[in-house]
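The numbers here are math on the coordinates, done by the rules we state, and not lab data. Since this is a predicted model, take the numbers as computed values, not measurements. Because the Cβ atoms are built from the backbone with ideal geometry, glycine has one as well, and the counts that use them run over all protein chains shown.
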Amino acid sequence: MEYQVTCNECGKKFQITADSDSTINCTCPYCSHALSVVIPRAMIQGTAVPPIQQPINPQQPITSQQPTSSPTPQQPTSTNWTKVLLIVLIVLLVAGIGAFAFIQCNRQKEQNVQEELIRQQVHNDSIMRVRKELENKAVVDAQTQQRQRAICTFIESFYRKAVLSGNTDGYEFYQRYLTDYCAKMVFGPGTNEGWEGWWDAFGNGTDEPNLKRLLNNLRVTHDQGDWYNVRLSQNGQTKFRKIKVKIEDGHTLIDDIK
Ligand SMILES: [Zn+2]
């Protein structure tokens, strides 16, 4: 096989023929310099004719050329680690956000349940309060009605005994059921004295009262506040007296008449 040899004395190139893996002693055809050329195994297997650099010292064999680029083992690059780290971070971040959202969602649900409970409680309380108020009002109303009925009965009884009984002296006893103010109004200056004044105040204004009819038709009803209506009806003629009642020291008294 032919090889190209470069003379290390004059630098010129020339061809030699040699077997593989052998050492050739030759002479440069240009400067007659003696050369010892080692043919490496690798060179023989190659098809091209490689230039062979000659050593200065014939004992020093030439070595095969180093491959210009040796395949360097692929190092675990920092880029890969960064990527892995980044992915782990992203996964952690997503998981964290997910967990946070989940917790927030649960918290919100719990809060909603609590608020709903409070709303219901408030609602129930208000219903209870309204019911209680209605009950109290009903009790008060019942008491008021009972009191008004009692006063109606009192006025009716007063009329039967003190006005429509036909006892014209009765007013002397029954004056005690009038307040001082009312007594002055009935028997005061400019008014009739005795029974006349009494009848003027409580009667139906006629000089010929039909007491039996008046008693039969007597009706006392509550008007408003402390005022009550007394119906005095005879022979198709009806008159109303308005009586105001006052409670003094637990006693029911007549305070005003219209
Ligand atoms: Zn030479």
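Things worth noting here:
- Charge dipole magnitude, Cβ of K and R +1, D and E -1 - the stretch 125-181, Cα centre, debye nearest 20: 240 debye
- Whether the chain is rounded, prolate or oblate, judged on the alpha carbon gyration tensor where a/c under 1.5 counts as rounded: prolate
- For the chain, the cysteines with no partner cysteine C-beta closer than 4.7 Å are 26, 105, 152, 182.
- Comparing 245, 166, 124 along the charge dipole axis of the chain, the residue lying farthest to the positive side is 166, per the Cβ-charge model.
- Within the chain: Cβ-based charge dipole about Cα centre, in debye rounded to nearest 20 (Lys, Arg +1; Asp, Glu -1): 500 debye
- The chain: relative contact order in percent, alpha carbon pairs under 8 Å with at least 6 residues between: 10 percent
- Cα gyration tensor shape of the stretch 158-258, rounded if a/c is under 1.5, else prolate or oblate by comparing a/b with b/c: oblate
- The relative contact order of the stretch 78-199 comes to 12 percent, based on Cα pairs under 8 Å that sit 6 or more residues apart.
- Restricting attention to the chain, lysine pairs at least eight places apart or on different chains and with alpha-carbon atoms under 17 angstrom apart total 9.
- Dipole size of the stretch 136-258 about its Cα centre, with +1 on Lys/Arg Cβ and -1 on Asp/Glu Cβ: approximately 620 debye, rounded to the nearest 20.
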